[in-house]
Every structure is written in C-alpha cells, then in structure tokens.
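Have a look at the structure below, then the notes.
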Amino acid sequence: MKLSEGEPLKSADDGKRFVLYLAVLPGYRTACIELLREKLGTDLGVFSGPYQLDRSVKTGIPNSLYTSVRDRSILGRVMIQTGHFRSVFHADTAILDLNPRSLTAWALLLARRGRRRRTLLWGHLHPRAGRQSSTARVRRWMRSLADGTVLYGYDSVTPAGEEVPGQPVWVAPNSLYRRDDMGSVGLDQVDAGAPRAIYVGRLVASKKVDLAIKALADPVLSETGLCLDIVGDGVDSDRLRRLAGELGVQDRVSFHGGVTNPDDLKKLYSRAVCSLSPGYAGLSLTQSLGFGVPVVVADDEPHAPEIELVTLGGVHFFPANSATGMASVMAQLAQDVLRQPRDEIATKVMNAYSAEAMAGGLADAFLGRSQSLNADGWPIG
C-alpha cells in the first residue's frame, strides 16, 4: 500500500507535531479528546475512521474534534484505512492502534520506523482471548517495532515491561467522563421496597443480556419484585423483548434505548441497587463504579482490562452463565443496599478512571513525560 494512495484534500488536522490515527473514536471518547486538544492545542491532529471491524462500534465524537478517513474491511478480518498519510508520516510523534488486524497501522508503523520517527501504539496489551493466544504474540511483535506503548489498564504496566523490556509505557485508562460528571449517586433515590437493577451497554450476543432477563424470572428475584432497566441499543433488542414476554417478566423490564448524557444516566443509576455485566465486562465497570453503584459480574469471561477495578471494591461475582447464580447475588445486594460504600467507591474511580486521567496519559506519551504511578502501577493521589 502506497502512502499517497487515496490522499484527500488538506484538513485542519494536517501538518501537526502530534497525530492520533485510529480506527474509531466512539462518542464516549468526546471528553478525552476535548481535554487532549486543550493540553496540546494546535499541535495535535486527530484522524479516525467511521467503524471498527465490529460494526456495532462506531465513531461518535463531534465532527469538529477530528478529521475523518476512509476504511474498509477484508472478509471482516483485517482493516485498511486510507487518507492523510502524509500528516502521520511527517508528525514528530504519532500514536496508532495497537491492533494487528489493522494493515494501515502496520504500514505506517514500518514506514515511520524506517525514517526513525517516534511512533507509539495505543490499545489493550492482550486480546480478550488472553496472554497465551496467537494474536497476543503478534501484538508483542508489533510493540517491539514501536517506540512505546499506551495502555488502557494500570495492571497491564508490569506485564508490558516484561514482554518488551526497556520500552516506555504509559496508561490512558479507558474512561468515559470528566471528574465533575462522576461521583456517587447516593442512596436517597433507592427504594429498598421496590428494588431495581440496571444494565447499560450494547445489546449484542457477547454481552449475554438474556441472562439478566432469565435471572429476573428466577424465584429468588420474583419474590423481591426486583425490576430491570436495560439501557442501550443493538441487534438483540427485539429478541430480548420477546424473551421477557416468554418468561412473563415484561412488566418488570424497561427498555430505555441508548442514553449517553451523564446526568440522564445518573438518574437511572441512582434508582439501582446494582448494575449488571452478564457477559464480558469492560467500560460498564468504569461507568457504574464511577457513580458508586456496585456491579454484578460473571466470574469466568474474557473481560477487558477494566476488570482490574475489582481491587477498588464494588465488584461482586456470580458463576458465569448461571441465571440462578446471578439472581442470588442480585438478591443479596438488594437486601444489603443500605450498607453499600458508594461514596468511597466513586472517589477511587474518579481518581483513576476519569477523562482527565485518560487525556493526561496520552499527553504524557506524546511529550515523552513519565507518569506519576505508584509501585503497583496505579496513579498517585
């Protein structure tokens, strides 16, 4: 692939010292990119395609914050992006996706390496399949060609150093909101006599939202009258509605569609005794714990790095794929709701997983500054 292929007209993000060139920037990255632009000013150029390989993950930040590039997939397995290659090639520092399935990331990484230009990779240290998977080995090779790595999780710092010794590592924690938009929702809106749980996320098979509806029908929760708020969109929406009807719990399940405004989400979380992550857990942990609401999580799923938040408290596990097990944990949380340390949980997450922390990690990486992390790799303060 030639670097000049499909080059679009010059944009406001061309000719910058620092460049982000990514597959996708979902709407929940808005606060991070706004803060990063405040930190780096006119030196920063941001480029993104419209979708990930998983088409349910798409760019949603405001058009004013980035320049769009084209993308296409090959058999749904690898991705090619085109556009604004010269901006990436000439930047002092470029941050690309740590994604072996991006042929463009490989091409730009190798081209910049040949010219000895500083290039960093940003992403998950390992795929969800784990450290021993074949693609994990490819990721290590990809990292070895770069000048540094920006990771989503603090717990990834130590293994990253072991895999590629001597390479600098930064953390841009996978965050959603500014600190001012986080904080405990308290317990004043929770009605212990009419408990509610909440699921927030995509309605897709890997999230196993059907398990939450089945748990609702379990006798242990039928007795409590617990209700469920489902927030999100996806291809499973109609199937989940039918399932609620088949199990006779349709009157206890409310489908809210997509809700992204932090204030609106706070209102929904403020009524919940807990939130749910029936399948693999990711940003739902950051969101719920950032509001101080405990999360019920499957114990054996290929979770994203955000599972490290278990060390901060508020994560309660149930046996994976067990509706009965999930119902039991939910019932216990409903019973103990008034003893939940919501303020304490929210404060910890606000410190470690805010948009300010994410933007700060990226800015430090661009500028080559060290981060203030403790011996365990978590932020100081």
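Within segment 224-250, if we keep just the residues that are in contact with a helix residue (DSSP H, G or I) (Cβ under 8 Å, 6 or more places away or on another chain), charged (D, E, K, R) and open to solvent by 70 Å² or more (accessible area, probe 1.4 Å), the residue that is farthest from Ser328 (Cα to Cα) turns out to be Arg239. Counting only residues that are touching a residue at least 60 places away in the same chain (Cβ under 8 Å), out of contact with any Leu (no Cβ under 7 Å at 6 or more places or on another chain) and buried (at least 16 other Cβ atoms within 10 Å of the Cβ), segment 95-111 holds 4 of them. The test for being surrounded by fewer than 20 Cβ atoms within 10 Å (Cβ to Cβ), modelled with pLDDT under 95 and at negative phi does not hold for Asp364.
Which of the helices (runs of 4 or more DSSP H) contained wholly in segment 244-350 include at least 3 residues that are in contact (Cβ under 8 Å) with a residue 60 or more places away in the chain and hydrophobic (A, V, I, L, M, F, W, C)?
Here the list reads 323-335.
Here Asp54 passes the criteria (1) of a type in the set (D, E, K, R); (2) farther than 19 Å from Leu362 by Cβ; (3) in contact (Cβ under 8 Å) with a residue 40 or more places away in the chain except the one numbered (3).
Can you spot a residue in segment 333-340 that is over 30 Å from Gly41 (Cα atoms), of a type in the set (Lys, Arg) and open to solvent by less than 10 Å² (accessible area, probe 1.4 Å)? No: segment 333-340 contains no residue that is over 30 Å from Gly41 (Cα atoms), of a type in the set (Lys, Arg) and open to solvent by less than 10 Å² (accessible area, probe 1.4 Å). Residues in segment 112-149 that are open to solvent by 40 Å² or more (accessible area, probe 1.4 Å), touching a Pro at 6+ places or on another chain (Cβ under 6 Å) and more than 21 Å from Glu306 (Cβ to Cβ): Val138 alone.
The values are calculated or read from the model by the stated rules, or taken from the named source; none is laboratory data. From a predicted model like this one, the values you see are computed outputs, not experimental measurements. Here Cβ is always computed from backbone atoms with ideal geometry, including for glycine, and neighbour counts include all displayed protein chains. To get the accessible areas, we keep the full protein, side chains included, count just its heavy atoms, and leave off ligands, DNA and RNA. Shrake-Rupley method; radii C 1.70, N 1.55, O 1.52, S 1.80 Å.
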